[in-house]
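Only one structure is covered here, and it is reproduced in the block below.
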Amino acid sequence: MTAPSYQQLIADLYRRRRFGVELGLERMVQVVRGLERPPRIVRVAGTNGKGSTCAMIAGALAAAGIRAGRYSSPHLCRFTERFVIDGQEISEDQLLAAASRVDAAGGAELTFFEYATALAISAFAAAGVEVAVLEVGLGGRLDATRAVPADVVAITGVGLDHQKWLGETLEAIAVEKAGTCEPGVPAVIGRGGESEGLELLLGAATEAGADPVVSAPELYAGPLAMPGAHQRRNAAVAWTVLEVAAEQGVLEVDHVAWRRGINQARLPARLETLAGAPKLVIDVAHNAQAARALAAALGSLIARPAAAVIGISADKDAQAIAAPIVEAVDEVFVTSSRHSRAMPADYLASVIPGATVCKSVPEALAVASSAVGPDGTVVACGSVFLAGEARAARTGEHTDPPDLTEP
């Protein structure tokens, strides 16, 4: 396969609508009917923690000898990151082959996320995946992942995010998240959201006809590879999903392997520390709840002096995201990622008194590094897109062309 073929595919994909003009899953369901699919499905929704929870579930399955596929979004550096089989990102060739099958099944009219989800289903089936772990993209009720019936559903928690699409209140968002549930299908409800969100999710899941089970973070103990108290809540959801799946006959109990897989699970840019001088901590926190969790965890991870490089998407509450992070560091530098939805750095600076404006992520990292010196810490956060650019700048890893970004 040549690089232009892959680039042509993702360029076409990024020209598609982000979401559908017509509400409903009929088009996606029709395409999925024409595709082979993995025999077992776990679907994970929630305001925060979906990606980490999916990584833990897939890691536990792989540790138990079950071929597992993990579909997540958005990506940090490459579109192929969204599709992982037994811990390995799929190849461009596998992606192109899946695209051919999706096109043959009638995928031409699918939206961006619908098409990406269809790619995951097809790529996983072709690779012999036994259990596919699908991360819900947005909400749940009308998400493309709902086109495939699930064996177990999980909702990590609910908080305020994406209000433009999901509603302005926790109750409205909980109803949308619980829409990923299916009648008679077990639904594991996590404690990772706002405190009042748990009861809202339980009520909405029950109303949807699901059989809700609440996870218990205090019952999961283990040295997790991903730092932060919030990851223990995610681990509890993953563990409960596995227990429920075993009760449903989806897999056999293997507590030793499950614990090993959950404890060793890693996902880039989740309080990830990259060595260097200064060291760089990267996190995808992109809403107020996630920013508070990040700030709470930084105390044990950073060396002083510490500076934050912050870039936020234009549709977010910049002040609510930035406030806890600003309190956790000594100096703040603001910038914009290359993404079309990035908030202008000048505007971001207007809500963070004393912040220094930088023209790009690499410039911000360089200036922040100079400010803290080789023994300090730089924290890069505020959006997935900024986190991806910061990670690529430090590691030098391969990225998709910078002019190709999702809608």
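Since every read-out is calculated from the coordinates, none of them should be taken as a lab result. All values reported here derive from a predicted model rather than from experimental measurement. Reconstructed Cβ throughout: ideal geometry from the backbone, glycine too, with neighbour counts over all protein chains shown.
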inquiry  = For the ranges 374-382, 81-89, 177-185, 299-307, what's the packing order if you count other beta-carbon atoms within 10 Å of each residue, average per peptide, and put the highest first?
reply    = 374-382, 177-185, 81-89, 299-307
note = Toy charge model, Lys and Arg Cβ at +1, Asp and Glu Cβ at -1: the chain dipole around Cα centroid in debye, rounded to 20, equals 460
ask   = What nm value, rounded to one decimal, do you get for the distance between Ala320 and Ala221 when each label is placed 7 Å out toward the C-beta?
value = 3.6
Proximal aspartates and glutamates to Lys359, defined as alpha-carbon separation beneath 19 angstrom and excluding residues fewer than eight positions away on the same chain = Glu331, Asp346, Glu389, Asp403
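For Glu389, what charge total do you get from the other residues with a beta carbon under 12 Å from its beta carbon, if Lys and Arg give +1 and Asp and Glu give -1? Intermediate results must be reported in sequence, preceding the final value.
Details: positive: Arg338, Arg391, Arg394; negative: Glu363, Glu397, Asp400.
After counting each charged neighbour, the total is 0.
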query = With labels modelled as points extended 7 Å from the Cα through the Cβ direction, what inter-label distance (nm, one decimal) is found for Ser100 paired with Val253?
reply = 4.6
task = Just rank His255, His230, His75, His398, fewest to most, by other beta-carbon atoms within 10 angstrom.
result = His398, His255, His75, His230
remark   = Taking max minus min of the Cα coordinates of the chain on each principal axis, largest first, gives extents in Å of 55, 50, 40
query = What is the calculated FRET efficiency for Ala229 to Gln7, with r their C-beta to C-beta distance and R₀ = 56 Å, to the nearest 0.05?
reply = 0.85
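Checking the a/c ratio against 1.5 first, then a/b against b/c, what shape does the Cα gyration tensor give for segment 30-151?
Values: a/c = 1.41, a/b = 1.20, b/c = 1.17.
Because its axes are fairly even, with a/c under 1.5, segment 30-151 counts as rounded.
What are the semi-axes of the equivalent ellipsoid for segment 271-407, taken as the square roots of 5 times the Cα gyration tensor eigenvalues, largest first, in whole Å? Walk me through the numbers on the way to the answer.
On the way: eigenvalues 78, 62, 37 Å².
They are 20, 18, 14 Å, listed from largest to smallest.
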message = Along the charge dipole of the chain, pointing to its positive end and built from +1/-1 on Cβ of Lys, Arg, Asp and Glu, which listed residue (Gly222, Pro74, Thr399) has its Cα farthest out?
response = Thr399
ask   = Using the beta-carbon distance between Glu26 and Asp346 and R0 = 60 Å, what value does 1/(1 + (r/R0)^6) give for FRET efficiency, to the nearest 0.05?
value = 0.85
message = Let me check against my output: what whole-number percent is the relative contact order of the chain, with C-alpha pairs under 8 Å and at least 6 apart?
response = 17
request  = Starting from the Cα of Lys50, draw a straight line to each of the aspartates and glutamates and keep only those under 13 Å, dropping any in the same chain fewer than 8 residues away.
outcome  = Glu135
note = For the chain, the charge dipole (Cβ of Lys, Arg +1; Cβ of Asp, Glu -1; about the Cα centre) points to a positive end, and the Cα of Ala368, Ala345, Pro39 closest to that extreme belongs to Ala368
